[in-house]
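A short write-up of the structure that comes next.
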Amino acid sequence: MPHETGFDFQHYNPVRTIFGPGSLEHLPELVGKRRVLLVTFKSARETGLLARLKGLLGDRLVDLIDEVPSRPELKDVQQAHERIWRERRVELVVAVGGGSVIDYAKALLCLPESGHFFDLITRSTPVVKRLRLIAVPTTAGSGSEVTPFSVLWDTRDANPTKFTLHQSRIYAETALIDPELTLSLPKLVMRNSGLDALSHALEAIWNVNATPMTDLLAVEAARTLIAKLPIAWHFQGHIKARIMIARAAWQAGLCLAQTRTALAHALSYPLTIKQGTPHGLASSWSLPWVWQQAQNNSAERDAVLSRIYGPSETDPVARLCELLYKLEVPTEPQAWGLSESERARIVLEHMHNPKGHNFIAKGLRL
Ligand SMILES: [Fe+2]
């Protein structure tokens with residue numbers, strides 16, 4: 001595996017990050033004189049966030065998409081992409097919302113040589129023009145503000161699928177992370193997005209693409225999330241916990257951008273697609289089981305994992321189960337409508353796709 005050589009890895013992330021409570025107020029200086037398309041979510045209007053953003057952007061705001069759903073569909077993105085590139089009024093996209101909003105905005109940024117949106121996503125066609133992006137997450141979890149991925153839903157046939165656009169030119173120019181924006185999140189959304197971040201951190205460790213940098217970031221992110229998520233779960237307005245969770249989600253996003261995801265995310269897809277389970281929940285309930293599968297495959301990976309709970313902890317998997325129990329997330333497959341054999345079948349199916357290839361174990365202990 002590349003990480004075992006000690007030098008055979010690459011690490012690249014071009015996103016400038018500005019982090020801190022109240023940092024949204026820096027938006028006007030980051031925008032400068034550029035004409036802006038604001039992309040945000042429907043309830044931003046009801047919560048007053050949209051009015052605040054309009055005030056900050058002033059006359060630089062020339063276009064608005066304010067109803068991005070939690071599952072952005074390719075056909076809707078295609079329509080928006082065609083309109084924006086036909087009108088050519090904007091120079092900068094500002095995306096304010098959770099991972100879905102930022103992913104939607106990223107899919108608008110690039111104009112392929114042919115001009116056709118679907119060429120951008122179905123074949124490697126040259127990009128001839130690109131808009132810049134300022135990403136402002138309002139959840140702490142997806143890490144989309146620092147990754148080159150955009151996850152969209154393809155509903156063109158009867159069985160919807162998730163489609164991931166992976167393109168280095170959709171990295172944001174700036175990630176503007178203001179943890180105060182997460183205070184208005186419903187409790188369940190805070191938990192689910194935080195667990196998505198924990199999944200990104202752990203999946204970066206049991207991953208063949210891990211680097212010395214992702215190991216550092218992932219261990220710290222996982223330790224922070226394990227300590228702070230129960231506090232934020234019980235004390236809604238605990239700003240110190242929210243700040244630490246937002247920081248950890250950013251660290252986990254930086255890992256995700258390098259390593260991509262692995263087996264826990266592979267297991268999440270059928271639940272999200274067939275049952276509508278929120279992504280963060282679907283990608284975290286299986287973490288203790290995947291941790292068990294990851295153990296004893298690589299002494300180096302085991303050593304990194306042991307740094308999360310400390311080398312004196314003899315049963316980190318049980319501790320992780322305790323955390324999920326505290327957060328009211330069941331870890332048995334039956335609770336998610338799966339038998340043990342169905343879980344094994346799904347995992348074995350994914351062992352030969354990219355997520356399976358990222359996982360350090362090449363077989364399962366069933
Ligand atoms: Fe995720």
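The values are calculated or read from the model by the stated rules, or taken from the named source; none is laboratory data. Note that the coordinates shown come from a computational prediction; the quantities given were computed from them, not determined experimentally. Ideal geometry is used to build each Cβ from the backbone, glycine not excepted, and the neighbour counts take in all protein chains shown. In case anyone asks, the SASA skips ligands and DNA or RNA and just uses the protein heavy atoms, side chains included. Shrake-Rupley method; radii C 1.70, N 1.55, O 1.52, S 1.80 Å.
Observations on the model:
- Whichever residue in the range 202-218 is open to solvent by less than 10 Å² (accessible area, probe 1.4 Å) and away from the ligand (no atom under 16 Å from the Cβ) and, among such residues, is nearest to the chain's Cα centre (by Cα): Ala210
- Selected residue (only one of Leu225, Leu216 is within 27 Å of Leu152 (Cα to Cα) and either assigned to a helix (DSSP H, G or I) or assigned by TED's automatic domain parsing to the domain that holds Leu324 (or both)): Leu225
- Looking at the range 116-201, the strands (runs of 3 or more DSSP E) lying wholly inside it that each contain 1 or more residues that are open to solvent by less than 20 Å² (accessible area, probe 1.4 Å) and within 16 Å of the ligand (Cβ to nearest atom) sit at 132-137, 149-154, 161-166.
- Only one of the numbered conditions (1) over 26 Å from Asp196 (Cα atoms); (2) open to solvent by less than 10 Å² (accessible area, probe 1.4 Å); (3) in a strand (DSSP E or B) is not met by Val93, and that is (1).
- Among the residues of the range 305-317, none qualifies, meaning not one is more than 15 Å from the ligand (Cβ to nearest atom) and within 18 Å of Met351 (Cα to Cα).
- Residue tally, condition in contact with a helix residue (DSSP H, G or I) (Cβ under 6 Å, 6 or more places away or on another chain) and part of a helix (DSSP H, G or I), over the range 234-264: 19
- Residue satisfying condition, being more than 14 Å from the ligand (Cβ to nearest atom), more than 23 Å from Lys362 (Cα to Cα) and open to solvent by 10 Å² or more (accessible area, probe 1.4 Å), within set Gln258, Gln275: Gln275
- Count of the range 11-59 residues, restricted to those that are open to solvent by less than 10 Å² (accessible area, probe 1.4 Å) and among the β-branched types (Val, Ile, Thr), is 4.
- Matching residues, the range 320-336, being open to solvent by 10 Å² or more (accessible area, probe 1.4 Å) and either over 14 Å from Gln292 (Cβ atoms) or touching a strand residue (DSSP E or B) at 6+ places or on another chain (Cβ under 6 Å) (or both): Glu322, Tyr325, Lys326, Glu328, Pro330, Gln334, Ala335, Trp336
- Ala135 out of contact with any Asp or Glu (no Cβ under 8 Å at 6 or more places or on another chain), in contact (Cβ under 8 Å) with a residue 24 or more places away in the chain and not β-branched (Val, Ile, Thr): no
- Condition met for Asp63 (among the charged types (D, E, K, R), in a strand (DSSP E or B) and not assigned by TED's automatic domain parsing to the domain that holds Thr259): yes
- Check on Ala282, crowded, with 22+ Cβ neighbours inside 10 Å, away from the ligand (no atom under 14 Å from the Cβ) and among the hydrophobic types (A, V, I, L, M, F, W, C): no
- Residues (within 11 Å of the ligand (Cβ to nearest atom) and more than 21 Å from Cys321 (Cβ to Cβ)) located in the range 262-272: Tyr269, Thr272
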